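These notes are about the structure you will find just below.
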Amino acid sequence: MPDRIETPGRRTVIAGLLALPVLHVGRARAQEAGTLRVGDQKGGNQSLILASGVLRESPLRVEWAQFAAAAPLAEALNADAIDIGGIGDAPFAFAHAAGAPIRVVGATRSSGRSTALLVHGDAPYRRFADLKGKRIGTGKGSVGHFLAVAAREQAGLGRRDVQIVFLSPAEAKSAFASRQIDAWSSWGQYVYLAEAQDKARILLDGRSLMSGLSFQAATQPAIAGKRAEITEFLRLWAEALRWGDRNLDRYAQSWARETGVTEEVARRTLDARGFLPVPVDEQVIAAQQRTVDLYTREGLLPAGVDVRGSFDPSFNAYSS
């Protein structure tokens, strides 16, 4: 079981993990007027937008590409294989630091409750400090990774006091179930599936430790050449987010069908997630700088990364 992977420098992010379907998007087709290539993760913006019905009356044509996690989605943005995609604040930090030509054009904020550190139900741990000397599984550069580091810092422990093991969600689930790791820092449906299937217990969650931010990130070519399409997509996305907040039961039913989880897990996930649109403003930029600074202290990002240039507030009409 690997416990380290190479830290990205000023190069492509996590090369080789790019989801293959997006590579088959034809250049001519992708450049059609009114078409936007949108990257997503399962149970993300595609399911929300389709469930809400907001796309039905719009002239916008959306070409969806699904990815297993944020890292390959960021790589697709970096390769100009998609125009825009939903990505959390932590993985965006790595993509920006690696020099990806992308900008945040939209943002949401939640309480952070849907990111959680799980332990086995019969484990004696009651606070993070009890994990000293233990192994925590999570995805490198993920929101789960951020939570584990933030919680460790809050507990006054150093890097050598716990071992963070970098795993994909599927690998982490298996390792947790077989007790190869003592804790799992995860997010969304993985948290509530682990509770239901593996008798996991939430030791702590991201409230007070995380910004709760997630982004829509667009490539610079798309910002220059598809401004109208991006503007329309952000409008629809914000409308769908508000619909989901008002219609949680209907959204959970649709989300459960797409993801294959039970409606109970779907509802708990969506209720905890609770994203709502916010403008790209000074508060958002400052929060992202704090995220980057944490990873710099961890030795995973270079010193001196300034996030300001990675935000484009010119699309903020979506948040009104």
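What FRET efficiency, computed as 1/(1 + (r/R0)^6) with R0 = 22 Å and r the Cβ-Cβ distance, is obtained for Arg179 and Ser111, rounded to the nearest 0.05? Could the numbers behind the result be given before it?
On the way: r = 30 Å, r/R0 = 1.37.
For Arg179 and Ser111, the calculated efficiency is 0.15.
Electrostatic tally near Gly53: other residues with Cβ closer than 12 Å to its Cβ, Lys and Arg +1, Asp and Glu -1, net 0. Taking 7 Å steps out from each Cα toward its Cβ at Ser208 and Arg242 produces label points 3.3 nm apart. Taken as Cα centroids, the range 42-63 and the range 87-107 sit 23 Å apart, rounded to the nearest whole angstrom. Where both bridge residues fall in the chain, DSSP classifies roughly 60% of the beta bridges as antiparallel. Our coupling estimate for the range 208-220, obtained by passing each phi through the Karplus curve with A = 6.51, B = -1.76, C = 1.60 and θ = phi - 60°, is 6, 10, 10, 6, x, 8, 9, 10, 9, 10, 10, 6, 5 Hz, Gly and Pro reported as x.
Using a/c under 1.5 as the rounded threshold, could you call the range 188-320 rounded, prolate or oblate? The axes a ≥ b ≥ c are square roots of the C-alpha gyration tensor eigenvalues, and prolate needs a/b larger than b/c, oblate otherwise.
oblate
The Cβ shell under 12 Å around Val292 holds other residues with a net charge of -1, Lys and Arg each +1, Asp and Glu each -1.
Could you point to the label whose value was computed as Cα Rg over 2.2 N^0.38 Å for the structure here, given [x] 0.96; [y] 1.01; [z] 0.91? Entry [x]. Per atom type, the range 142-258 shows carbon and sulfur on 47% of its accessible surface, probed at 1.4 Å.
Calculated FRET efficiency, Ala303 to Arg127, Cβ-Cβ distance, R0 = 25 Å: about 0.20 to the nearest 0.05. Placing +1 on the Cβ of every Lys and Arg and -1 on the Cβ of every Asp and Glu, with nothing else charged, gives the range 66-216 a dipole about its Cα centre of roughly 560 debye. Using the Cβ atoms and a cut-off under 15 Å, what net charge is assigned to the surroundings of Asp130, where Lys and Arg are +1 and Asp and Glu are -1? My count for the surroundings of Asp130 gives +4. Between Arg227 and Asp293, the C-beta separation translates, for a Förster distance of 30 Å, into a calculated FRET efficiency of about 0.40.
At a probe radius of 1.4 angstrom, the accessible area of the chain per residue rounds to 43 square angstrom. Using the average count of surrounding beta-carbon atoms within 10 Å as a protection proxy, the listed peptides 218-225, 155-162 rank, highest first, as 218-225, 155-162.
The values are calculated or read from the model by the stated rules, or taken from the named source; none is laboratory data. Here the structure is a predicted model, which means the values were calculated and not measured. Every residue, glycine among them, receives a Cβ derived from its backbone with ideal geometry; neighbour counts consider all protein chains shown. SASA here: full protein model, heavy atoms, side chains in, ligands and nucleic acids out. Shrake-Rupley method; radii C 1.70, N 1.55, O 1.52, S 1.80 Å.
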